[in-house]
Amino acid sequence: MIAHDPNISTGLPVIRQLDEAAINRIAAGEVVERPASAIKELVENALDARATRIEVAYADGGKTLLRVTDNGHGIAAEDLPLALSRHATSKIDGSDLLNIHSFGFRGEALPSLGAVGKLTLTSRSAGSDNASEIKVSGGQVSSVRPSALSQGTVVTLRDLFSATPARLKFLRSDRAETQAIGDVVKRLAMAEPHVGFTLRDVSGGGAGRVTFEAPAETGDLFDALHRRLARILGAEFAENALRIDAHREAIHLKGYAALPTYSRGAAVAQFLFVNGRPVRDKLLLGALRGAYADFLSRDRHPAAVLFVELPTELVDVNVHPAKSEVRFRDPGLVRGLIVTALRHALAKAGHRASTTVSNATLGAMQPEPSEARVYQMDRPRDPYHTPQVFDAPIVHAPSARVEEVVEEAAAVETPLGAARAQLHENYIIAQTSDGIVIVDQHAAHERLVYERLKRQMAENGVAAQALLIPEIVSLSESDAALLLSHTDELAKYGLTLEPFGSGTVAVRETPAILGTVNAEAMLRDILDELHDLGQSANLQAKVEAILSRMACHGSIRSGRRMQANEMNALLREMEATPHSGQCNHGRPTYVSLKLSDIERLFGRT
Ligand code: ADP
Ligand code: MG
């Protein structure tokens, strides 16, 4: 690219000092990408001013009007011009950029907004008798005039990007911009549950329509946050969220993380904050992913709202103009804290599965609301008809024993109750004190075997069992080579392999706790995993992936009949085992229905 008018005498490009308006427009390019980014800056300013009520109004996706009203400490009349000038801030004195306790510190937002739209700043500072107002349009600042306002600050921004039509063209539909504004406000509302937020669409003029409302929550931080999250992410998230409260050295982690069974198809419910500031940080997102890796298949994403709090000198927030990225002094420490804290919380939640699962079940079980509804009792008895449920072999425990077990179960508070029956040779039906539980025996057992394998592995390696006759498995040359390159590792998992000529592997020992396994199928599964993981995965992930594949081969298959004592043993082991509420692929291992739910199904309540 060549400068427009080279110096006539030298022919060289002219270097010139840009004027203030151009500088501000350039800065605005970084800070104000779309209406939602303007809203982010303005709401952050309101929070920095210690507002307890913030109202955000917008029209036409924010393109024609944005207005943020707060009840914060306001700006003194004589400071209004300064607030609009570049690099002027009341939040830092510039001496220590690692000691930042406010959202803002760059002193760029208001002048940038004034450079790309028509901005009016009206404020009445605490203790002042009058309100004042200043306007800026296309970089032209007006004088300060008296105005009317009872408290706090109102910033109005009209016709955003009218001064930079090129930017205007990049904006998306009103609907998409409105959505982005909502996202920004909700994200900040998560960070400040004690502040009340209202979002209003005033596109049609007048008072408009409230599109989001979160009253100021009271009480302790966790309770307030829990209620706030229920409002923003829905009651279901709140019901399935585990409280996270952990620290390592001077770093704290707080928030809520959802059970693995409440996972999402995309990473849309992951909200991370560093010292109260919403961030999109690869390190933190990676840690969140890592913490759940063991419970979710790769296409499922955990849901969590997490706050990392640490001394300001351990994190640099001045690395991104929109302040959405940060840099940690010790990234490993932060990552470790997140992974450990979440894993610990998930382990403590044990067999608990998400309410989503039972709600979905109930939904599916609701009788069809058609006139074809026929109740069994209304039908004449058909001597040749046996209800379908008995078509499958069913294993009954001797009834006296079952009663004993039921009573025992109620008395020792066993959440998964006492096994009553096995249906279709895969589903265990258990009776609890206030409902029933349906267990997928294969999924549950697979998880238990996996957890046992992991325990053995952590203690002193998985015990191996020698095969009477080694099993010879034929593979491709490259697959055999890949497996054999992992011989030492696999031996620790109880799987002893030896080369057996071209493309062939001899299996000498298999993990003892798996019992008799189909060695070939297991090797092929492990190969899949090795191919999938490639060189990228860390050792821990690799071990877990391989153990998870192995577990699948040692599990009670569906189709196996179980005795009452075996079923009860399975239930008790599930209760005692961390993470047994979901199988290795993130599906639930059981669903629980309360009597009240069942009564609802039959229209009894
Ligand atoms: P920064 O937030 O980085 O300081 P801004 O350009 O966003 O820069 O704001 C400049 C200054 O204007 C702030 O430092 C603050 O003193 C004042 N200010 C802006 N918005 C508000 C508000 N809503 N309430 C009180 N003061 C405000
Ligand atoms: Mg600011």
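The values are calculated or read from the model by the stated rules, or taken from the named source; none is laboratory data. Keep in mind that this is a model prediction, so the values were computed, not measured. For neighbour counting, all protein chains shown are included, and Cβ atoms are generated from backbone atoms with ideal geometry for every residue, glycine included. To get the accessible areas, we keep the full protein, side chains included, count just its heavy atoms, and leave off ligands, DNA and RNA. Shrake-Rupley method; radii C 1.70, N 1.55, O 1.52, S 1.80 Å.
What number of residues in the range 480-498 are among the small types (Gly, Ala, Ser), at negative phi and open to solvent by less than 10 Å² (accessible area, probe 1.4 Å)? So that I can check it myself, show each step before the final result.
First, pick out the residues of the range 480-498 that are among the small types (Gly, Ala, Ser): 480-481, 485, 491, 494.
If we keep only those that are at negative phi too, we end up with 480-481, 485, 491.
Now narrow it down to the ones that are open to solvent by less than 10 Å² (accessible area, probe 1.4 Å): 480.
Residues meeting the conditions: 1.
Name the residue, out of Ser592, Ser596, that is over 26 Å from Gly286 (Cβ atoms) and loosely packed, with under 15 Cβ neighbours inside 10 Å. Talk me through it step by step, then tell me what you get.
Numbers: Ser592 fails: loosely packed, with under 15 Cβ neighbours inside 10 Å.
After applying the criteria, what remains is Ser596.
Can you find a residue in the range 106-115 that is over 22 Å from Arg158 (Cβ atoms) and not aromatic (Phe, Trp, Tyr)?
From the range 106-115, those over 22 Å from Arg158 (Cβ atoms) are 106-107; that's our starting set.
Subset that is not aromatic (Phe, Trp, Tyr): 106-107.
Checking the range 106-115: at least one residue is over 22 Å from Arg158 (Cβ atoms) and not aromatic (Phe, Trp, Tyr).
Using the structure shown, decide if Arg158 is within 16 Å of ligand 1 (Cβ to nearest atom) and not β-branched (Val, Ile, Thr). Steps first, please.
Values: within 16 Å of ligand 1 (Cβ to nearest atom): no; not β-branched (Val, Ile, Thr): yes.
Spelling it out, it is not the case that Arg158 is within 16 Å of ligand 1 (Cβ to nearest atom) and not β-branched (Val, Ile, Thr).
Would you pick out the residues in the range 57-77 that are aliphatic (A, V, I, L, M) and either away from ligand 1 (no atom under 12 Å from the Cβ) or in contact with a Pro (Cβ under 9 Å, 6 or more places away or on another chain) (or both)? Step through it out loud before you land on a result.
Looking only at the range 57-77, we keep the residues that are aliphatic (A, V, I, L, M), and these are 57, 59, 65-66, 68, 75-77.
Result: Ala57, Ala59, Leu65, Leu66, Ala77.
Scan the range 568-587 and tell me whether some residue there is in a helix (DSSP H, G or I), open to solvent by less than 20 Å² (accessible area, probe 1.4 Å) and over 11 Å from Ala444 (Cβ atoms). It would help to see each step written out before you state the result.
Step one: list which residues in the range 568-587 are in a helix (DSSP H, G or I), which gives 568-576.
In the following step, the residues that additionally are open to solvent by less than 20 Å² (accessible area, probe 1.4 Å) were identified as 568, 570-571, 574.
Cutting the leftovers down to over 11 Å from Ala444 (Cβ atoms) gives us 568.
Within the range 568-587 (the criterion being in a helix (DSSP H, G or I), open to solvent by less than 20 Å² (accessible area, probe 1.4 Å) and over 11 Å from Ala444 (Cβ atoms)), the answer is yes, since at least one residue qualifies.
Every residue in the range 9-35 that is touching a Gly at 6+ places or on another chain (Cβ under 7 Å) and modelled with pLDDT of 90 or more, please.
Correct list: Pro35 only.
Go through the range 254-313 and report how many residues are assigned to a loop (DSSP other than H, G, I, E, B) and open to solvent by 10 Å² or more (accessible area, probe 1.4 Å).
Start the filter on the range 254-313 by keeping residues that are assigned to a loop (DSSP other than H, G, I, E, B), which leaves 259-263, 265-269, 275-276, 280-281, 293-300, 302-303, 310-311.
Then keep just the ones that are open to solvent by 10 Å² or more (accessible area, probe 1.4 Å); that gives 261-263, 265-268, 275-276, 280-281, 293-294, 296-300, 310-311.
The qualifying residues number 20.
Which residues, counting only those in the range 204-217, are modelled with pLDDT of 95 or more and outside any strand (DSSP E or B)?
Passing the criteria: Pro215, Ala216, Glu217.
Can you name the strands (runs of 3 or more DSSP E) wholly within the range 97-188 that have at least 1 residues being away from ligand 2 (no atom under 16 Å from the Cβ) and within 16 Å of Leu66 (Cα to Cα)?
Numbers: elements: 118-124, 131-137, 145-147, 152-158.
Filter on the range 97-188 gives 118-124, 131-137, 152-158.
Can you find a residue that is in a loop (DSSP other than H, G, I, E, B), within 12 Å of ligand 2 (Cβ to nearest atom), closer than 26 Å to Glu133 by Cα and open to solvent by 60 Å² or more (accessible area, probe 1.4 Å) anywhere in the range 52-62? Break it down stepwise before answering.
Looking only at the range 52-62, we keep the residues that are in a loop (DSSP other than H, G, I, E, B), and these are 52.
In the following step, the residues that additionally are within 12 Å of ligand 2 (Cβ to nearest atom) were identified as none.
The answer is no, given that none of the residues of the range 52-62 is in a loop (DSSP other than H, G, I, E, B), within 12 Å of ligand 2 (Cβ to nearest atom), closer than 26 Å to Glu133 by Cα and open to solvent by 60 Å² or more (accessible area, probe 1.4 Å).
Can Ala27 be described as more than 14 Å from ligand 2 (Cβ to nearest atom), surrounded by fewer than 21 Cβ atoms within 10 Å (Cβ to Cβ) and more than 19 Å from Gly276 (Cα to Cα)? Spell out how you get there, then give the answer.
Numbers: more than 14 Å from ligand 2 (Cβ to nearest atom): no; surrounded by fewer than 21 Cβ atoms within 10 Å (Cβ to Cβ): yes; more than 19 Å from Gly276 (Cα to Cα): yes.
In short, no.
Give me the pairs, please: first residue somewhere in the range 437-448 and closer than 21 Å to Val517 by Cα, second residue anywhere and assigned to a helix (DSSP H, G or I) and open to solvent by 10 Å² or more (accessible area, probe 1.4 Å), beta-carbon distance under 6 Å, and either six or more positions apart or on two chains.
Glu446/Cys552; Leu448/Glu573
When the residues of the range 78-101 are filtered to those that are within 9 Å of ligand 1 (Cβ to nearest atom) and open to solvent by less than 20 Å² (accessible area, probe 1.4 Å), which remaining residue is modelled with the lowest pLDDT?
So, considering only residues that are within 9 Å of ligand 1 (Cβ to nearest atom) and open to solvent by less than 20 Å² (accessible area, probe 1.4 Å), the one modelled with the lowest pLDDT is Leu84.
For the range 410-424: of the residues being crowded, with 17+ Cβ neighbours inside 10 Å and more than 16 Å from Leu593 (Cβ to Cβ), which is modelled with the highest pLDDT?
Per the criteria, the residue is Gln422.
Which of (1) under 15 Å from Ser162 (Cα atoms); (2) within 15 Å of ligand 2 (Cβ to nearest atom) does Ala21 not meet, given it meets every other one?
Condition (2) is where Ala21 drops out.
Tell me, yes or no, whether the range 63-76 has at least one residue that is assigned to a strand (DSSP E or B) and within 14 Å of ligand 2 (Cβ to nearest atom). First the steps, then the outcome.
Taking the range 63-76 first, the residues assigned to a strand (DSSP E or B) are 65-70.
From what is left, the residues that are within 14 Å of ligand 2 (Cβ to nearest atom) are 68, 70.
Scanning the range 63-76 turns up at least one residue that is assigned to a strand (DSSP E or B) and within 14 Å of ligand 2 (Cβ to nearest atom).
So, in the range 425-439, how many residues would count as being open to solvent by 40 Å² or more (accessible area, probe 1.4 Å) and outside any loop (DSSP other than H, G, I, E, B)?
In the first step, residues of the range 425-439 are kept if they are open to solvent by 40 Å² or more (accessible area, probe 1.4 Å); the result is 425, 427, 431, 433-434, 436, 438.
Remaining after also requiring outside any loop (DSSP other than H, G, I, E, B): 427, 431, 436, 438.
Matching residues across the range 425-439 total 4.
Take His87 and tell me if it is within 25 Å of Val315 (Cα to Cα), within 16 Å of ligand 2 (Cβ to nearest atom) and not in a helix (DSSP H, G or I). Spell out the reasoning first.
On the way: within 25 Å of Val315 (Cα to Cα): yes; within 16 Å of ligand 2 (Cβ to nearest atom): yes; not in a helix (DSSP H, G or I): yes.
It is true that His87 is within 25 Å of Val315 (Cα to Cα), within 16 Å of ligand 2 (Cβ to nearest atom) and not in a helix (DSSP H, G or I).
Please work out which residue is most open to solvent (accessible area, probe 1.4 Å), limiting yourself to the range 102-137 and to residues that are near ligand 1 (Cβ under 9 Å from one of its atoms) and of a type in the set (D, E, K, R).
Arg106
Can you tell me which residue among Pro146, Pro165 is more than 22 Å from Arg86 (Cβ to Cβ), modelled with pLDDT of 95 or more and loosely packed, with under 12 Cβ neighbours inside 10 Å?
Pro146
If you take the residues of the range 203-234 that are among the aliphatic types (A, V, I, L, M) and in contact (Cβ under 8 Å) with a residue 24 or more places away in the chain, which of them is farthest from Gly182 (Cα to Cα)?
Per the stated criteria, the residue is Leu221.
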